[in-house]
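**Student:** Please find one structure pasted underneath; my questions will follow.
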Amino acid sequence: MTDGKLYPFKLHTAMLPQDPLSGALIPAKAGILFQTGDINLAILTGATDSRLSLTSGYTYLETTRWMGIYHEMPPAEQALTCAECHEATDRIDFAALGYSPLESRNGQPLCQSCHTGAGLQTFYQIHDQHVDGEGLACAECHTFNR
């Protein structure tokens, strides 16, 4: 399986300005905010540009979103291959990211819980055999938690 794609993103949480009557989020003008430091002016200008009257002023709404990070991404021909991370042992510290393989199943070491004396295989041979050949779900061998 070599057709997977990774997408860069970050979790973004913020208190965003909102029109209390319509519930619409107000696009504060970042340029005004960064040039003047005046958040009120940035919000009012954004409201005017968006044709929001703000007859009741504005409030703030706690928001959460997954924000795509597309700047500084290399072109596809310069992207890493799967093996450059999955077969390397020094590129990414998966455990530090909260991602680690299971070490045992049914009270036995993971591989020995199903296999005895299996020959050496590459990551892709093992992965394809389990996913494509046997239809195992990812959670059979992988965990992810934060």
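**Student:** Of everything in region 6-43, what is farther than 26 Å from Tyr70 by Cβ and in contact with a Pro (Cβ under 6 Å, 6 or more places away or on another chain)? Give them in sequence order.
**Tutor:** Correct list: Ile43 only.
Yes/no matrix, rows are residues, columns are (1) modelled with pLDDT under 95; (2) assigned to a loop (DSSP other than H, G, I, E, B); (3) assigned by TED's automatic domain parsing to the domain that holds Gln129; (4) under 29 Å from the mean Cα position of the chain (by Cα):
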site	(1), (2), (3), (4)
Thr2	yes, yes, no, yes
Thr13	yes, no, no, yes
Ser22	yes, yes, no, no
Ile32	yes, no, no, no
Gln35	yes, no, no, no
Asn40	no, no, no, no
Leu44	no, no, no, no
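A quick yes/no check of all residues on (1) surrounded by 12 or more Cβ atoms within 10 Å (Cβ to Cβ); (2) under 24 Å from the mean Cα position of the chain (by Cα); (3) modelled with pLDDT under 70:
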residue	(1), (2), (3)
Glu87	yes, yes, yes
Asp90	no, yes, no
Asp93	no, yes, no
Arg105	yes, no, no
Leu110	yes, no, yes
Phe123	no, yes, yes
Gly135	no, no, no
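**Student:** So is Leu54 surrounded by 12 or more Cβ atoms within 10 Å (Cβ to Cβ), at pLDDT 85 or above, among the hydrophobic types (A, V, I, L, M, F, W, C) and not in a helix (DSSP H, G or I) or not?
**Tutor:** Yes.
The values are calculated or read from the model by the stated rules, or taken from the named source; none is laboratory data. A quick note: this is a predicted structure, and the numbers were derived from the prediction, not measured. We place every Cβ from the backbone using ideal geometry, glycine too, and count neighbours over all the protein chains shown.
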